[in-house]
Amino acid sequence: MTFEFDIERLRHLPETPLKALRRSFWWVRKTFFSKPKPENPAVVVAMDEPEAEAFLGERFFEPGWEMSYSYRNEIVNLRRVRYVRDHPSGLEWWQTHIRGYSHPDGLELAAHFEPEPAEHPDAHVDGDYIDVPRGNATLVGILEEAGVDFRRIGDWEDADVGSAAGGTTVDVDA
């Protein structure tokens, strides 16, 4: 099978609405780069998708789906990037990544801390240094600081959030 590329079609790119391009990219991601939802520990909050996006957006999280896998039934995908000067890996750019899923009691939010994909694409794609406890510690810290009620679900015993929250490991400061 041979694929051909029509370079002449690119001349129409400026005429294409950005929303259509974004929607097409979203469709490709959902169709070809989807995975089953991981069973990581999470929290359930009494928010819907727009409320969670606004709440986290006010705390410097941004939509991050363009560069990430899609997990089935995911409805929220936000990230906050930060520079970490002295991470043991030697990598400097990181993100706290929060995904949200519909839940009978509101919204299930699961977080992890990982290398930022544009700066460290190999480490990101390979899944190197993913830190679920640190991501969830950040999320819990944000919720507690704002006085948002939440309920933990999943196996938090193996995800030692308490130790992940010690010292400078949690990026709750914006």
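For His103, the residues whose modelled amide H falls within less than 5 Å of its own, excluding neighbours fewer than 5 places apart on the same chain, are Glu108. Under a 5 Å amide H cut-off, with hydrogens placed 1.01 Å from N, Trp93 pairs with Val84, Glu116 among residues at least 5 apart or on other chains. Using the Karplus relation 6.51 cos²θ - 1.76 cosθ + 1.60 with θ = phi - 60°, the per-residue 3J(HN,Hα) values for the range 119-125 come to 7, 9, x, 5, 5, 5, 5 Hz, with x marking Gly and Pro.
Every number here is computed from the coordinates shown, using simple stated rules; none is lab data. What you see is a predicted model, and the numbers here were worked out from it, not measured in a lab.
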